[in-house]
Amino acid sequence: MKKFTLIELLVVIAIIGILASLLLPSLSSARGKAKSATCKSNLKQIGTTVFMYTDDYEGYMPGGAYEWNNGPSQNISWDDFLSDYDGRNLSNAQKLLATLTTNDVAENSGAIYRCPSMAQTTGSGINRSYAMNFLATNAEGTVWPFLRGVSGEMAKGDVSYRKNFNSRRIEGVTKPSQVISFLECHDEGNKLGNKKYGGVAPLFITLERQEAGWLGHENSSNYLFVDGHVEFMKFAATLPSYDAPTLNTMWDSQRSD
């Protein structure tokens, strides 16, 4: 039986190393694409639950609230409200929690709200990878030029009657196939059941946050549009600059261009 010489073994090892260096980037790319595809599927499912929600609430998009029935200050987020439609059926007590943790629900609770590129939990908090396109008005009801999205918030009132939110009605969005309703937001502060980062506008997506991977997939993201379709694109394709006014862009629910 012939024995391999040291040189022959080194040649084989070198060849294996070369093959590995060629294959690993491809495998990494394939994993990234698979995660992005799952993320896209998550957003489509979220879009379905939103349609179910709006059917029950006169077409109004879900929002967030600080107080329930004028009670103590609480964080009630859009995903809390969607729990009535996504199979979780959270109790009112669970919805009132500032953040859902693994002490309150199963660790895999609300899996559709987390992109696989993001860790499932940070501490006991369950991570959430998505946020809504934020809408804000001043005391006179005028929409801020940088915050022209679809999901508003309410500081007080009976949130069981959810048309009190400053959110848009789907029928009131001028171009639903060209207006973003949900985006990716990979921030450790974005937690399931927490109103923080529930609504996000381009003004919040600074260059530093973009470089830190806030948008998910190497500065490209999946975006859910009001009509229910999902697109994968770079942030720059949605707006020239994070600090630019959003009038007549994908972030403007009343665009008229």
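Rule-based calculations on the coordinates, nothing more; no lab input. Worth saying up front: this structure is predicted, and the values here are computed from it rather than measured. Note that we place each Cβ from the backbone using ideal geometry, even for glycine, and neighbour counts take in every protein chain shown.
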What pairs in Lys95/Lys196; Lys33/Lys175; Lys175/Lys195; Lys33/Lys195; Lys95/Lys234 have C-alpha atoms more than 22 Å from each other?
Lys33/Lys175; Lys175/Lys195; Lys33/Lys195; Lys95/Lys234
Assign one of three labels to segment 41-237, namely rounded, prolate or oblate, based on the Cα gyration tensor with a ≥ b ≥ c the square roots of its eigenvalues; rounded applies when a/c is under 1.5, prolate when it is not and a/b is larger than b/c, and oblate otherwise.
rounded
Spin-label model distance (nm) - Ser220 vs Ala236, 7 Å beyond Cα toward Cβ
1.4 nm
Could you please state, rounded to a whole Å, how far the C-alpha centre of segment 215-257 is from the C-alpha centre of segment 77-128?
25 Å
Can you tell me the relative contact order of segment 41-237? Whole percent, Cα pairs under 8 Å, sequence separation 6 or more.
26 percent
Treat each spin label as a single point 7 Å out from the Cα along the C-beta direction, and report the Gln45 to Ile15 distance in nm.
4.5 nm
Provide Met132, Met61 in ascending order of the number of other Cβ atoms located within 10 Å of each residue's Cβ, fewest first.
Met61, Met132
Can you bin segment 159-249 into rounded, prolate or oblate? Criterion: square roots of the alpha carbon gyration tensor eigenvalues sorted a ≥ b ≥ c, rounded for a/c under 1.5, prolate for a/b above b/c, oblate for the rest.
oblate
For each of Tyr130, Tyr223, count neighbouring Cβ atoms within 10 Å of the residue's Cβ, then give the residues from fewest to most.
Tyr223, Tyr130
